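The values are calculated or read from the model by the stated rules, or taken from the named source; none is laboratory data. Bear in mind that the values here come from a model prediction, so they are computed numbers and not experimental data. Here the Cβ is made from the backbone with ideal geometry for all residues, glycine too, and neighbour counts use every protein chain on show.
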Amino acid sequence: MTSLTPPARVDYGMHSRLVPWPLLLLPLACSKGQERPSAPVFAFRSPTAGDTLVEGRSYTIRWVSTPARRINLGAAMGGHDKGYLLTNAPAGLDSLVWTVPVGFVTGFGPSSSDQIRLRLENADSTDQWVETGPFVIKGAPRAT
């Protein structure tokens, strides 16, 4: 999937740089006199909002995180926790090959859901996290 959005400039004072769209996490607003964060702590590379995954197939989930931080990776469907895919993963890990379990969505009745999100968080401080935009998981096609 090719992004048509041009790179964005993130202003970190003398450390300004261009950041490709999928990695852009803007710092929270700071009160006057406070320093801005030096860089985003976490960002997803894939999946991205609007992607479609199929139960029973494997996909590579990719992210960027601060190298010295252990991470947790969880999933949610429509705001309901679906559990962790990784817990206390070592610093430096930047991807996971995930086979979407058959029944992940279809086991609850619907044939698909467009409200799937992944959440990446600092394992030591779960108030530091990022989520993917909503993407789709659909049931595997039935053999005829």
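Restricting Leu118, Leu86, Leu53 to residues that are in a strand (DSSP E or B), within 12 Å of the chain's Cα centre (by Cα) and either surrounded by 12 or more Cβ atoms within 10 Å (Cβ to Cβ) or of a type in the set (Lys, Arg) (or both) narrows the list to Leu118.
Selection of first residues in segment 91-102 that are closer than 14 Å to Arg70 by Cβ and of second residues that are assigned to a loop (DSSP other than H, G, I, E, B), restricted to Cβ pairs under 9 Å at least 6 apart or on distinct chains, gives the following pairs, ordered by first then second residue: Ala91/Thr66; Ala91/Pro67; Ala91/Ala68; Ala91/Arg69; Ala91/Arg70; Gly92/Pro67; Gly92/Ala68; Leu93/Arg70.
Just to be sure I understand, how many residues within segment 133-144 are buried (at least 17 other Cβ atoms within 10 Å of the Cβ) and either at pLDDT below 95 or over 18 Å from the mean Cα position of the chain (by Cα) (or both)? Here the count works out to 2.
Among the residues of segment 50-83, which ones are of a type in the set (Asp, Glu) and at pLDDT 95 or above? Across segment 50-83, the qualifying residues are Asp51, Glu55.
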